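*Asks:* There's a structure below that I have some questions on.
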Amino acid sequence: MTTKPREPWRVILTQGGAQLAEIGHTSEAKAFAHVRTGLRSGADTARVMKWEDGRWWHFETMTAAEIPDA
């Protein structure tokens, strides 16, 4: 796909190396709100991907230890 997707942000939640969910978002703020919720709800890692220049780029990886009250 070379055209920008409707949801150019993705959050991939994992626990123990197994992928729990991959959810698209329309903004960076919504993606990081989902990261916080996912890490507080049992996921141990959240990877954020961003669509740019015709492909998905790894934007950031966060762990539950990095989120207050997780």
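The values are calculated or read from the model by the stated rules, or taken from the named source; none is laboratory data. As the structure is a prediction and not an experimental result, all values here were calculated from the model. Here Cβ is always computed from backbone atoms with ideal geometry, including for glycine, and neighbour counts include all displayed protein chains. Accessible surface is based on the protein model in full, side chains and every heavy atom, while ligands, DNA and RNA are left aside. Shrake-Rupley method; radii C 1.70, N 1.55, O 1.52, S 1.80 Å.
*Asks:* So which of LEU39, LEU13 ends up being in a helix (DSSP H, G or I) and either touching a residue at least 40 places away in the same chain (Cβ under 8 Å) or open to solvent by less than 40 Å² (accessible area, probe 1.4 Å) (or both)?
*Replies:* Details: LEU13 fails: in a helix (DSSP H, G or I).
None of the other options fit; the residue is LEU39.
*Asks:* Related question: What's the total number of residues in segment 16-28 that are among the acidic types (Asp, Glu) and surrounded by fewer than 13 Cβ atoms within 10 Å (Cβ to Cβ)? Can you show your working first?
*Replies:* Residues of segment 16-28 among the acidic types (Asp, Glu): 22, 28.
Add one more test, that the residue is surrounded by fewer than 13 Cβ atoms within 10 Å (Cβ to Cβ), and what stays is 22.
Result for segment 16-28: 1.
*Asks:* Which of the residues that make up segment 42-58 are touching a strand residue (DSSP E or B) at 6+ places or on another chain (Cβ under 8 Å) and assigned to a strand (DSSP E or B)?
*Replies:* Of the residues in segment 42-58, the ones touching a strand residue (DSSP E or B) at 6+ places or on another chain (Cβ under 8 Å) are 42-51, 56-58.
Passing the criteria: THR45, ALA46, ARG47, VAL48, MET49, LYS50, TRP51, TRP56, TRP57, HIS58.
*Asks:* Ok, one more. Restricting segment 42-59 to residues that are open to solvent by 70 Å² or more (accessible area, probe 1.4 Å) and of a type in the set (Asp, Glu), which is nearest to GLN15 (Cα to Cα)?
*Replies:* In this case the residue turns out to be GLU52.
*Asks:* I need the full set of residues from segment 1-10 which are open to solvent by less than 80 Å² (accessible area, probe 1.4 Å) and of a type outside the set (Phe, Trp, Tyr), in order please.
*Replies:* Here is the first cut: in segment 1-10, the ones open to solvent by less than 80 Å² (accessible area, probe 1.4 Å) are 5, 7-10.
Answer for segment 1-10, where residues must be open to solvent by less than 80 Å² (accessible area, probe 1.4 Å) and of a type outside the set (Phe, Trp, Tyr): PRO5, GLU7, PRO8, ARG10.
*Asks:* On to the next question. Looking at (1) over 11 Å from the mean Cα position of the chain (by Cα); (2) in a helix (DSSP H, G or I); (3) surrounded by 12 or more Cβ atoms within 10 Å (Cβ to Cβ), can you tell me which one ALA31 breaks?
*Replies:* All conditions pass for ALA31, except number (1).
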